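Novice: Okay, handing you the structure first.
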Amino acid sequence: MKHFLYISLLLISLSACTPRVEVDHRMHEGNIDFCCDESYANIMAQQVYVFTRTNPGAFIDMTRCTEREALTALLDDSVRLITMTRKLSGAEKNKILENQLNYNETHIAVDAIAFVVNKNNPDSILTTEDIRRIFTGEVTQWSELFPESRLGKVQVIFDNRNSSLVRYVVDSICAPDELYNGVSAVENSLQVIEEVSKRRNAIGVIGASWINAVDSAQVRVRELVVPVRIKKSPDAPAFGPFQAYIASADYPYFRSIYMINTESNNGLCTGFTIFVAGQRGQKIFEKSNISPARIEERVVNLKDEF
């Protein structure tokens with residue numbers, strides 16, 4: 001009995017001497033505003049949902065906007081966290097430093113630019129040269145690509161005139177030529193899908209994350225429009241804007257997504273960024289139609305004999 005009492009007193013003494021580790025809750029609690037490019041806002045909304053459900057003290061107000069609007073808010077110090085499909089330029093970094101802030105750029109995913117056509121359009125395979133000719137205005141009629149086509153004029157529809165999709169097409173598809181001035185734009189990706197589903201002659205431009213999404217009426221996007229498969233040359237195989245082909249670069253039109261954080265301490269902006277770039281956040285991307293920045297390797301051992 002004395003022996004048992006001695007051990008008990010010793011354990012109590014040791015526990016009293018053990019320093020208590022204080023948990024820093026700043027990265028998991030509080031309120032922040034977050035600006036996200038609308039072209040992949042649907043998948044980022046899932047990231048916000050999972051993070052805030054896991055951390056009930058965290059409140060993230062996500063604003064869906066154009067990339068230009070998000071960047072303006074960051075440079076004006078209206079928000080401390082945004083997503084962009086490029087890194088900051090030198091001038092933008094200097095502007096942030098002038099505000100006596102630091103910046104962190106975290107690569108979180110690889111998205112793709114998807115082109116979608118009406119379900120009644122029989123021609124859903126194009127080459128990269130076809131795409132270039134459409135967006136520079138060199139081709140304005142479907143019959144110029146497919147002589148038997150009776151669809152008439154090619155109607156190009158973007159999500160927004162100031163979107164990152166327009167910038168990508170201008171910089172990576174049309175350059176050094178200019179974007180055709182006959183293109184049109186609506187307000188968001190769902191409107192692009194809706195308009196293309198109504199117009200047999202239309203081709204819409206959306207982020208690849210919308211391919212497997214649902215519209216406002218809870219109808220799957222794949223039931224409304226058809227994603228265009230792209231061939232890098234006339235004799236090459238065609239690949240659609242799907243996760244495996246984005247990761248392998250077989251689909252040619254892809255772009256990186258970054259979270260830009262100007263928080264001066266390790267607060268909720270930092271905590272949310274770590275979550276999205278970490279294992280759980282990357283798993284959410286894996287279940288979408290865009291590729292996570294970090295793909296976990298799987299090692300499979302094969303036996304020589306059964």
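The values are calculated or read from the model by the stated rules, or taken from the named source; none is laboratory data. A quick note: this is a predicted structure, and the numbers were derived from the prediction, not measured. FYI the Cβ positions are ideal-geometry reconstructions off the backbone, even for glycines, and counts take in every protein chain you see. Just so you know, the surface numbers come from the protein's heavy atoms only, side chains and all, with ligands and any DNA or RNA stripped out. Shrake-Rupley method; radii C 1.70, N 1.55, O 1.52, S 1.80 Å.
Novice: Determine, for each peptide in 251-261, 269-279, the mean count of other beta carbons within 10 angstrom over its residues, then list the peptides with the highest first.
Specialist: On the way: 251-261: 22.1, 269-279: 19.8.
Top of the packing list down: 251-261, 269-279.
Novice: Mind sorting out which of (1) -0.63; (2) -0.53; (3) -0.77 is the real log10 I(q)/I(0) by the Debye sum over Cα atoms at q = 0.10 Å⁻¹ computed from the coordinates?
Specialist: It is the one labelled (1).
Novice: Would you mind telling me the share, in percent, of accessible area of the chain contributed by carbon and sulfur at probe 1.4 angstrom?
Specialist: On the way: 8300 of 16750 Å².
Ligands and nucleic acids excluded, carbon and sulfur give 50 percent.
Novice: Would you work out the relative contact order for the chain, in percent, from Cα pairs under 8 angstrom that are 6 or more residues apart?
Specialist: Working: 558 pairs, mean separation 81.7, N = 306.
27 percent.
Novice: What do you get when you divide the Cα radius of gyration of region 172-270 by 2.2 N^0.38 Å, with N the number of residues?
Specialist: On the way: Rg = 17.1 Å, N = 99, 2.2 N^0.38 = 12.6 Å.
Rg over 2.2 N^0.38 Å, computed on Cα atoms: 1.35.
Novice: Using just the helices of the chain, give the 222 nm mean residue ellipticity in deg cm²/dmol: DSSP H runs with n ≥ 4 each add -39,500 (n - 2.57), and the total is spread over all residues, rounded to 500.
Specialist: Estimated from H runs of four or more residues: -9000 deg cm²/dmol.
Novice: Right, next: How far apart, in nanometres, would the label points at L101 and A236 be if each is projected 7 angstrom from Cα along the Cα-to-Cβ direction?
Specialist: A separation of 3.9 nm, rounded to one decimal place.
Novice: Then there's this: Between S149 and E178, what is the label-point separation in nm under the 7 Å Cα-to-beta-carbon projection?
Specialist: It is 2.4 nm.
Novice: Accessible area per residue for region 59-177 in Å², computed with a 1.4 Å probe and the full protein assembly in place, what is it?
Specialist: Values: 5630 Å² over 119 residues.
Per-residue accessible area for region 59-177 comes out at 47 Å².
Novice: Rounded, prolate or oblate: which fits region 89-140, taking a ≥ b ≥ c as square roots of the Cα gyration tensor eigenvalues, rounded meaning a/c under 1.5, else prolate when a/b beats b/c?
Specialist: It is prolate, given that a/c is not under 1.5 and a/b is the larger ratio.
Novice: Keeping every protein chain present and rolling a 1.4 Å probe, give me the accessible area per residue for region 197-239 in Å².
Specialist: Heavy-atom accessible area per residue stands at 50 Å².
Novice: Here's another thing I want to ask about it. Using only the Cα atoms of region 22-122, build the gyration tensor, take square roots of its eigenvalues as a ≥ b ≥ c, and label the shape rounded, prolate or oblate: rounded if a/c is under 1.5, else prolate if a/b is larger than b/c, else oblate.
Specialist: Oblate, since a/c reaches 1.5 and b/c is not below a/b.
Novice: Roughly how many nanometres apart are two label points built 7 Å out from the Cα toward the Cβ at E286 and V219?
Specialist: 3.4
Novice: Going Cα to Cα from K119, which lysines come in below 21 Å? Please leave out same-chain ones fewer than 8 positions away.
Specialist: Candidates past the 8-residue exclusion: K153, K198, K231.
Novice: Does region 179-234 come out rounded, prolate or oblate by the C-alpha gyration tensor, with a ≥ b ≥ c the root eigenvalues, rounded set by a/c under 1.5 and, if not, prolate when a/b is larger than b/c and oblate if not? Present the calculation step by step, with values, prior to reporting the outcome.
Specialist: Values: a/c = 1.87, a/b = 1.24, b/c = 1.51.
It is oblate, given that a/c is not under 1.5 and a/b is not larger than b/c.
Novice: What does DSSP give for the chain in terms of the percent of beta bridges that are antiparallel, rounded to the nearest 5?
Specialist: Details: 26 of 43 bridges.
If we restrict to bridges inside the chain, about 60 percent are antiparallel.
Novice: How would you rank 200-206, 87-93, highest first, on the average number of other Cβ atoms within 10 Å across their residues?
Specialist: Ranked by mean Cβ neighbours within 10 Å, highest first: 200-206, 87-93.
Novice: Between region 26-49 and region 106-128, what is the separation of their alpha carbon centroids in Å?
Specialist: 25
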